Structure formats: structure tokens, C-alpha cells
Amino acid sequence: MRSGVKVAVVGGVFAVVVGGVGYGAYNVLDGLGDSGVGGGTDTKATSAEVKTGPVTKDEIAETSKAFLAAWAKGDAAVAADLTNNKGDAEPALIGYSDSAHVTKAVITPGPATGSKVPYTVKATVSYEGKTKPWSYASELTVVRGLTTGRPLVDWLPSVIHPDLAKGESLETGESQTASIEAVDRNGNVLTKEKYPSLGGILDELRKRYGAKAGGTVGIETWINSANADGVDKTLLTLVKGKPGRVPTTLDAKAQAAAETAVKQFSGASVVAVKPSTGEIRAVANNPANGFNAAMQGAQAPGSTMKIVTAALLIEKGLASANSPVECPKEVLYQGTTFHNLKYFSLPPTDTFTSSFAQSCNTAFIKLIDDTKDDAALGKEARDVFGIGLEWKTGVTSVDGSVPEATGGVAAAQYIGQGTVTMNALNMASVTATARTGTFHQPVLVPSSLDGRRLVTASRSLSPNVTGQLNNMMRATASWGTGKAAMSSVLGDKGAKTGSAEVDGQGKSNSWFTGFSDDLAAAAVVQSGGHGGDAAGPLVAAVLRAGR
């Protein structure tokens with residue numbers, strides 16, 4: 001900490017109290033200097049005997065207390081010397097006072113769980129006469145030094161703050177970008193406290209549009225991104241700047257439903273889009289404060305991709321909703337065998353709609369040869385559904401991809417496996433395009449705000465093909481694999497389920513996409529299994545709320 005700091009210990013709580021001149025002249029723990037617990041960065045031991053094996057309970061307690069006490073005292077050198085990476089730890093600990101301007105802190109350790117020690121930090125941040133309390137929780141892990149054998153804190157930036165990653169730093173000062181007040185389509189204010197999944201999006205909106213919206217800077221504590229083009233994350237606001245108003249296409253009611261829905265599963269993402277305009281109504285992820293997988297992910301979408309495949313086959317006259325198609329339990333295509341879930345088959349008199357609604361893989365694979373073009377699926381995805389056209393949504397997003405392929409890899413793409421990749425935003429847009437027959441590029445911020453040019457697809461589907469796709473999706477929702485998930489959804493509704501196998505993963509990723517009137521939504525749940533079981537309820541919840 002800065003000069004004028006004194007240390008006290010009360011009931012196991014390390015306290016840093018401003019007052020007097022210079023630091024307190026005593027150690028927080030008796031005999032800290034020669035206790036044998038610390039000893040510095042993990043360099044070669046001078047002792048002939050180096051202790052091995054797991055750290056003991058006493059070592060964990062002593063090391064964590066010594067480190068937290070030194071940190072609380074503001075002695076970065078001593079605290080860093082109790083870690084296994086002094087070179088990185090010391091400047092980070094110094095920056096806690098010098099750059100983040102923390103002038104007071106009370107650190108309270110909790111009971112250890114194995115070698116992990118949780119703790120809460122109640123700090124005070126002061127900058128140019130402005131002061132505000134700051135509270136958060138984090139944890140550290142005690143490990144045995146590889147060469148010294150001493151117990152040491154395993155240094156990670158998250159020891160300082162849980163959101164801090166490698167290459168990032170804390171800073172307090174005048175904010176780098178103007179403040180904003182993001183609002184939904186009805187003027188409701190959107191905050192990261194109320195809608196956690198929007199945290200990163202709101203930070204990016206601020207960076208992109210704060211100045212354009214007429215906002216002014218405030219005084220804040222933030223995380224400097226490790227990426228020069230990245231978005232800094234605000235942790236604390238000491239003085240609010242005057243916010244500029246930034247309109248979004250989001251819908252607070254649908255967003256709230258999405259936030260609640262994804263909490264059911266770890267590794268879940270959901271997006272809702274309005275088919276008639278492309279406006280994004282909701283975006284949510286679990287975890288909420290991490291990677292925006294809903295808009296930036298890239299994974300095989302499983303059988304939800306059959307919407308694009310069905311459009312291709314119908315457009316080429318190779319299938320129609322009411323014509324019969326073969327659905328054997330397995331099929332061989334250019335040396336690669338494909339089969340249906342649990343090797344089911346359908347009677348040869350069953351229609352293409354039946355194969356779509358019950359997600360028959362082999363019915364789609366058997367028709368590939370007739371397209372006479374291994375790259376046909378990629379062309380359909382780009383020219384009709386706008387996949388890969390570099391969408392400009394207003395925030396960072398990743399387009400889907402259907403790379404050129406041949407043989408078994410091309411066949412796998414037809415059922416959403418192999419090299420095809422999508423995210424929830426991409427599949428919500430695919431469903432929106434199928435719903436209306438025309439691609440409308442998804443947007444989260446109106447293009448009128450910055451004049452960016454939205455992309456358009458080469459062509460639309462004919463009303464006949466669009467009608468068939470809608471009817472096939474309606475069948476899936478009413479009596480096919482999406483029936484259970486969509487049973488609570490009202491209005492004109494349709495769906496498609498998907499399960500995507502991932503190498504090295506015991507359980508498939510769960511995918512689901514659907515529509516209700518003029519709203520489309522898609523979701524993915526990592527290792528969620530069948531699409532209707534995990535991802536389906538997420539989509540249904542958002543569709544119910546967003547109508």
C-alpha cells in the first residue's frame with residue numbers, strides 16, 4: 001500500500017489502516033521472517049534435503065496467512081517472495097496500490113478446501129479526493145515448490161482479483177471511454193447487474209459508441225485488457241460520467257428469460273432473433289461473465305443444420321416435404337458409414353417431413369450424390385442463409401462456416417457434423433431465414449448509429465420452399481423430436497433438434513432451434529445430450545417470453 005499505512009490483526013482478519021507516516025514496524029505474524037514458511041520464489045534450495053509430497057494442512061494455513069498478511073501490509077516484496085513466481089507477482093501486488101489506488105483493505109480468509117484458501121476483500125479505492133468501498137472474493141492455492149520443496153502460493157493474476165487474467169492489470173483513473181446508458185427496444189435500461197450476460201457486450205458498446213452517443217468520462221477502476229484491441233472491464237465506478245444513450249435491439253423481457261434459462265446448465269448459450277428484421281432480442285451465456293459463446297462460438301451444430309440441407313435438397317428438386325424418402329438404419333457413403341440414433345429406421349413410405357421431424361441422418365446422406373456437387377451445402381448456406389458474409393452486428397460476433405469438403409467429410413456436413421461450425425446466433429439466424437425465406441443480417445445495435453453497412457444474401461427462398469420448411473419445422477414441434485420442449489410455446493411454432501458429437505467428449509452437445517410467430521431462437525448446451533432435453537427448454541423459455 002501507499003505510505004502512511006499501518007497493519008493490524010483482529011480475529012484472523014488482516015486489516016490495512018491509513019494513518020501515521022510510513023508502514024507499521026512489525027510483522028503481522030510473529031516470527032514471520034524466520035518461520036521457514038516462505039523463503040522466496042521457487043529457486044534451488046540450499047538445504048541438502050528438499051521436502052516432497054503434498055503440502056500439509058499446517059503448511060497451507062501458515063503460507064496463506066503469511067501471504068495475505070504481507071499483501072495487506074502493503075509489502076509486495078515479502079508477499080511475492082511467498083509465491084512460486086515472484087517476477088510476475090511483485091509488480092501486480094505493487095500495482096494494487098500504485099495503479100488501482102487501493103488505500104485500505106480488510107482481507108478475511110475462509111476455511112481451506114484442500115490446498116485452496118478462499119478469502120474476501122473489503123477494500124477502499126481513492127483517487128483525486130474521490131473514495132468508494134470495493135468488495136469481492138477470490139482464492140489462492142498453496143503448492144510445494146518444485147526445486148525448494150517449500151510451500152508457496154501458486155501465483156495467478158486471479159489471486160489479486162478473480163476476473164484478472166494473464167497479461168492484464170488493474171487501474172483506477174479517468175475512464176478511457178465515455179459512459180453509456182444502453183437501453184432495450186422499449187427504452188428499458190440494461191445493466192450488467194440485472195443482466196449479467198450483457199456485461200461484456202455493454203463494455204464493448206461503451207468502447208464503440210460512448211463518444212458517438214455524447215457521454216462523458218467518469219472515475220473508475222477497471223481491468224486493462226491483455227489484447228490491444230480488447231475491451232477493458234469496469235469493476236468499480238467512483239464517479240459516474242454523464243452517460244450517452246445507446247439504443248439496442250434487445251428486449252428486456254426476453255433477455256431476463258434467457259438469463260434465467262441458461263442458469264439450468266453449465267456451458268449453455270441462447271440467442272433470439274426477430275425473423276422479419278434480423279434484430280437480436282436476447283443473448284445469454286452460462287457462465288455469464290466469460291466468453292460470449294452465444295455470439296462468438298464455433299462448434300458443429302448437429303442436426304439443426306438439416307434446415308439448410310433440407311432447403312438445398314428441396315430447391316434442387318431432390319426431395320419435397322410430402323414425398324417419400326428412404327431412411328435405413330445406416331448408410332455407406334464413400335467409405336464412411338453413417339447411422340441414425342440407436343440405429344432406428346423408418347418405413348420406405350414415410351415422407352421427407354417424417355425424416356426431418358424424427359431427425360433421420362441416413363435420409364439426408366442418401367441424397368448427397370444426387371446434388372452432383374460436394375460444395376453445394378456451403379453455397380446454399382452462404383447464398384441463401386448469409387453464413388460467412390462477415391456480419392456487422394454492432395458488437396464482436398463470429399459467422400458460421402461451411403468449408404469446402406469432399407467424400408465423408410462433406411457428407412458429415414449435411415447432418416451438422418465434420419468441419420461445419422456455428423454458434424447460437426448463427427442458428428437462430430438460420431431459423432429466422434427459414435421462417436421468412438429471406439436473410440436479414442442479425443443486428444444488436446441499429447446501423448443508423450454508426451452508418452455501418454449490413455450484408456445481404458444473394459437470393460431468397462421461393463414461397464414454395466419457405467412454406468415446406470415451415471411445415472417441416474411445425475411437424476418437429478408438434479409431433480417430432482421437439483414436441484416435449486415446444487409443448488408450452490404458443491402461436492405458430494416450429495423447431496429442429498440436434499446432437500453434435502465431439503471427439504473426446506463422452507456426451508454430445510445439445511442443440512435446439514425454433515420459432516414462434518415472429519421470433520426465432522437457438523441454444524446449445526455443452527455435453528447436454530439430446531437437443532430436446534437440454535437446449536430445447538432454453539429456447540422454449542425465450543420464445544414464451546419474447547412473443
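Just a few scattered comments:
- Some residue of the range 178-199 being in contact with a strand residue (DSSP E or B) (Cβ under 7 Å, 6 or more places away or on another chain), over 23 Å from E259 (Cβ atoms) and of a type outside the set (S, T, N, Q): yes
- Check on T351, of a type in the set (S, T, N, Q) and closer than 13 Å to K306 by Cβ: no
- Scanning the range 120-135 for residues that are surrounded by 14 or more Cβ atoms within 10 Å (Cβ to Cβ) and either without any contact (Cβ under 8 Å) to a residue 40 or more places away in the chain or touching a Phe, Trp or Tyr at 6+ places or on another chain (Cβ under 9 Å) (or both) yields T120, V121, K122, A123, T124, V125, S126.
- Scanning the range 343-398 for residues that are without any contact (Cβ under 8 Å) to a residue 60 or more places away in the chain, more than 19 Å from L332 (Cα to Cα) and touching a Lys or Arg at 6+ places or on another chain (Cβ under 9 Å) yields one hit, G388.
- From the options T353, T309, T277, T304, residue that is among the polar types (S, T, N, Q), part of a helix (DSSP H, G or I), farther than 16 Å from W511 by Cβ and at pLDDT 95 or above: T353
- Within the range 442-470, being more than 21 Å from R245 (Cα to Cα) and either in a helix (DSSP H, G or I) or of a type in the set (D, E, K, R) (or both) holds for R453, R459, P463, N464, V465, T466, G467, Q468, L469, N470.
- Filter pass, A298 being modelled with pLDDT of 95 or more, of a type in the set (G, A, S) and surrounded by 24 or more Cβ atoms within 10 Å (Cβ to Cβ): no
- Within the range 66-93, restricting attention to residues that are surrounded by fewer than 19 Cβ atoms within 10 Å (Cβ to Cβ) and within 30 Å of the chain's Cα centre (by Cα), the residue that is nearest to L140 (Cα to Cα) is N85.
- Scanning the range 206-224 for residues that are aliphatic (A, V, I, L, M) and either in a strand (DSSP E or B) or without any contact (Cβ under 8 Å) to a residue 12 or more places away in the chain (or both) gives I219, I223.
- Scanning the range 354-378 for residues that are under 10 Å from A319 (Cβ atoms) and among the polar types (S, T, N, Q) returns a single hit, S355.
- Selection status of S510, crowded, with 24+ Cβ neighbours inside 10 Å and either β-branched (V, I, T) or modelled with pLDDT of 95 or more (or both): yes
- Matching option when the condition is surrounded by fewer than 24 Cβ atoms within 10 Å (Cβ to Cβ), under 15 Å from S303 (Cα atoms) and acidic (D, E), among D533, D503, D517, D492: D533
- Pick from the range 94-117, criterion in contact (Cβ under 8 Å) with a residue 24 or more places away in the chain and within 28 Å of the chain's Cα centre (by Cα), ranking: surrounded by the most Cβ atoms within 10 Å (Cβ to Cβ): A100
- The residues listed here are E139, E59, E90; of these, the one that is outside the structural domain of T237 (by TED's automatic domain parsing), touching a strand residue (DSSP E or B) at 6+ places or on another chain (Cβ under 9 Å) and more than 19 Å from S169 (Cα to Cα) is E59.
- The single residue among T172, T248, T177 that is touching a Gly at 6+ places or on another chain (Cβ under 9 Å) and closer than 30 Å to P157 by Cβ turns out to be T177.
- Count of the range 142-163 residues, restricted to those that are among the polar types (S, T, N, Q) and either closer than 18 Å to T52 by Cβ or crowded, with 23+ Cβ neighbours inside 10 Å (or both), is 2.
- In the range 444-473, residue nearest to G514 (Cα to Cα) [restricted to those that are of a type in the set (S, T, Y) and touching a residue at least 24 places away in the same chain (Cβ under 8 Å)]: T466
- Filter pass, N289 being buried (at least 24 other Cβ atoms within 10 Å of the Cβ) and not in a helix (DSSP H, G or I): no
- None of V409, V430 is assigned to a helix (DSSP H, G or I) and either free of Cβ contacts under 8 Å to residues at least 24 places away in the same chain or not assigned by TED's automatic domain parsing to the domain that holds T371 (or both) except V409.
The values are calculated or read from the model by the stated rules, or taken from the named source; none is laboratory data. This structure is a prediction, so every number in the text was calculated from the model and none was measured. For neighbour counting, all protein chains shown are included, and Cβ atoms are generated from backbone atoms with ideal geometry for every residue, glycine included.
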